[in-house]
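Heads up: the structure comes next, in structure tokens.
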Amino acid sequence: MFNKLQIVAIFVAIPLVLVYMYTSSRGISFRDIFLPGTPVMQIGEIPVRVEILDSDEERVLGLSGRDALDEVDGLLFIFPEPEYHSIWMKDMNFPIDIIWIGEDLKVISIDKNVSPASYPKVFRPARPALYAVETNIHYSDTYGIRAGLDVRLPIEFLSPK
């Protein structure tokens with residue numbers, strides 16, 4: 001028979017496994033659940049943990065000089081106004097996807113598999129964008145992110161500084 005410790009372990013393990021299966025299918029990790037505080041936006045049905053870049057200095061630097069996206073899924077660029085903003089791969093160490101988002105909070109276009117070797121080429125949205133998200137390469141394909149999807153941002157990020 002089972003002892004009390006085994007019964008308790010089963011009642012704890014089964015819900016944890018179910019939560020893990022559900023959240024991992026949605027792109028959410030246990031770290032998101034147990035270490036909250038990272039801003040999360042949503043593209044379509046996909047939650048995206050982001051680091052916010054809302055100053056000129058932060059946007060110019062972007063991912064330059066970094067070796068990876070640590071602890072987040074992407075960098076959210078918040079621009080002062082909708083324009084044909086540009087992003088380049090100066091001092092980049094790894095390839096990325098760039099997801100452009102309009103003022104209407106819809107994905108405008110995606111630049112996929114953008115390589116550091118593409119520098120000094122610049123990448124721009126198909127129409128004026130108010131936001132951009134830089135993610136790891138293949139992120140948009142992995143999660144089915146495409147033009148036209150609705151985007152949800154926490155209310156505090158809807159108004160650029």
Just the accessible area for ASP56, please: 1.4 Å probe, Å², rounded to the nearest 10? 100 Å²
Scan around LEU149 for amide H atoms under 5 Å from its own, H built in the peptide plane at 1.01 Å from N, and keep only partners 5 or more places away or cross-chain. VAL107
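Taking a 1.4 Å probe, which of TYR131, TYR143 shows the most accessible area, and what order do the others take after it? Let's see the in-between values first.
Details: TYR131 5, TYR143 80 Å².
Solvent-accessible surface, decreasing: TYR143, TYR131.
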For segment 74-82, in residue order, the Karplus 3J(HN,Hα) values (coefficients 6.51, -1.76, 1.60; θ = phi - 60°; whole Hz; Gly and Pro = x) are x, 9, 9, 8, 10, 8, x, 7, x
FRET E, pair ARG127, ILE14, Förster distance 41 Å, beta-carbon r, rounded to 0.05: 0.25
Check GLU51: other-chain or 5+ apart residues with amide H under 5 Å from its amide H, H built from backbone geometry? GLY74, LEU75, LEU76
Amide H neighbours of HIS138 under 5 Å, counting only residues 5+ apart in sequence or on other chains, H built in-plane at 1.01 Å? ASP97, ASN113
Tell me the label-point distance for the pair GLU45, LEU61, using the 7 Å Cα-to-Cβ offset, in nm and rounded to one decimal. 3.8 nm
Quick calc, ASN3 & LYS106: beta-carbon distance into FRET formula, R0 45 Å, rounding 0.05, result 0.20
Got a sec to turn the phi values of segment 93-108 into Karplus ³J(HN,Hα) couplings, 6.51 cos²θ - 1.76 cosθ + 1.60 with θ = phi - 60°, whole Hz, x for Gly and Pro? 10, 7, x, 9, 9, 10, 9, 8, 10, x, 4, 7, 6, 10, 5, 7
Largest first, what is the accessible-area ranking of ASP70, ASP54, ASP97 with a 1.4 Å probe? ASP70, ASP54, ASP97
Of segment 120-149, those with amide N under 14 Å from the point 7 Å along the Cα→Cβ vector of GLU81 are 128-130
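The values are calculated or read from the model by the stated rules, or taken from the named source; none is laboratory data. In this text the structure is predicted, and so the values were computed from the model without any measurement. Note: ideal-geometry Cβ built from the backbone for every residue, glycine included; neighbour counts use all protein chains shown. Surface accessibility is based on the protein's heavy atoms, side chains included, excluding ligands, DNA and RNA. Shrake-Rupley method; radii C 1.70, N 1.55, O 1.52, S 1.80 Å.
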